[in-house]
Structure formats: C-alpha cells, structure tokens
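Shown next, in structure tokens, is the structure this report addresses.
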Amino acid sequence: SIMPGTGLSGWHVLPDRDTPNWTTSDGLLRGRIGGALLTDTADFDNLEIRARVRINEGGRAVMLLRAPLDDPMKGYTAAINSTEWEYPRSGSVGPTHLKTDMLAPNQFMDCLVTCRTTSDGVEMTGYLNGILVSEWTDTGKGLPAGAIGFVVLDPDTRLEVQDVSIRRASSGSD
C-alpha cells in the first residue's frame with residue numbers, strides 16, 4: 001500500500017497552499033478545492049494501481065499515471081466522475097470516453113487501472129468493481145515513467161481514497 005499514514009509524507013501536493021486541499025484522517029485520503037496529489041517519486045511505468053474511491057454528486061477527478069512532476073496533467077488519466085452532464089465517466093482511460101454511468105455517487109468503488117508498454121504502444125485498461133470498462137493504446141511515442149496521483153478538477157468536488165496499492169508489471173514487449 002502507498003497510502004499516506006497520518007500525514008502526506010511521500011506525496012507532493014500541487015499547488016502548495018496555506019489551506020490544504022489534501023488531508024488524511026480515519027484511513028482516508030481526502031481531496032477538495034482542486035489541485036493535485038502526486039507521489040514524490042516519478043519512476044512508475046508498467047504497473048497496476050488499485051484504489052477504493054468515493055466521489056460526491058457532480059464531482060470530477062482523475063487518477064494520474066506516468067505524470068511528469070512539473071506538469072502532472074500531461075500524464076495518462078483515468079476518470080473518477082459522478083456528473084450528470086460531463087464525459088468521460090468513471091473508468092474511462094486516456095481519451096476513451098464512456099458515456100454511461102456505471103456507479104452511483106457517494107458510494108465507494110474499486111478502481112483498477114493498468115498501464116504497460118507493449119510493442120503496439122502504451123496500453124491502458126480501466127476496471128470498476130472488477131468489470132473491464134475501458135481500453136486504450138497510445139500508439140504514439142508514449143510517455144516515459146512518471147508519478148502517480150489524483151487530481152480534483154472542480155472546487156465543489158469531494159474525493160475520498162482508501163487502500164491505494166501499486167503492483168509493478170513487466171512490459172508487454174519482454
């Protein structure tokens with residue numbers, strides 16, 4: 001598990017503010033008011049990341065993979081959304097956009113996102129509660145290793161995360 005303990009040691013908060021937009025308590029990592037939370041290390045490339053997440057009605061957030069520390073939104077994204085009007089829906093990876101609500105707001109869901117380099121490019125898959133909901137391959141140059149993290153996209157979003165874990169995987173070209 002890479003969940004922060006009582007503080008945010010091992011994590012990098014952007015932007016740096018007097019009022020924290022990320023806190024930990026009761027075994028939960030809580031994000032609000034916009035901003036990013038990234039691992040301090042940026043050497044994650046081929047991996048599976050699991051997280052149990054909950055987002056409020058109308059909330060918009062993303063999980064980041066291979067994110068550059070200096071510009072995290074250039075990383076690969078997996079949507080965590082609970083909106084009536086916004087695409088992509090939860091589970092969408094990369095530029096794929098699910099258009100169907102998979103889960104109700106304010107309830108925990110198990111997310112699994114895989115990211116690995118293959119001979120075809122960087123392949124990503126998104127699972128919600130064990131169901132494959134999205135697949136995408138970046139057939140371009142692909143992003144190198146980077147940080148992982150979460151971004152709250154709107155000021156009214158309340159994101160809660162528990163049980164974040166990472167398993168490093170081999171590339172598909174091995």
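The values are calculated or read from the model by the stated rules, or taken from the named source; none is laboratory data. Keep in mind that what you see is a predicted model, and the values were worked out from it rather than measured. We place every Cβ from the backbone using ideal geometry, glycine too, and count neighbours over all the protein chains shown. Ligands, DNA and RNA are stripped out before the accessible areas are found, and what is left, the full protein with its side chains, is counted by its heavy atoms. Shrake-Rupley method; radii C 1.70, N 1.55, O 1.52, S 1.80 Å.
Okay, here's what the table says:
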read-out: The lone exception for residue 170 - which of (1) modelled with pLDDT under 90; (2) under 23 Å from residue 69 (Cβ atoms); (3) in contact with a strand residue (DSSP E or B) (Cβ under 8 Å, 6 or more places away or on another chain) it fails; value: (2)
read-out: Odd one out for residue 65 among (1) open to solvent by 10 Å² or more (accessible area, probe 1.4 Å); (2) at pLDDT 90 or above; value: (1)
read-out: Candidates 133, 152, filtered to the one that is out of contact with any helix residue (DSSP H, G or I) (no Cβ under 9 Å at 6 or more places or on another chain), more than 20 Å from residue 14 (Cβ to Cβ) and either among the β-branched types (Val, Ile, Thr) or loosely packed, with under 12 Cβ neighbours inside 10 Å (or both); value: 133
read-out: Index of the failed condition, residue 51 passing every other in (1) part of a strand (DSSP E or B); (2) among the small types (Gly, Ala, Ser); (3) more than 17 Å from residue 113 (Cα to Cα); value: (3)
read-out: Residue within the range 93-108 that is in contact with an Asp or Glu (Cβ under 9 Å, 6 or more places away or on another chain) and at pLDDT 90 or above present; value: yes
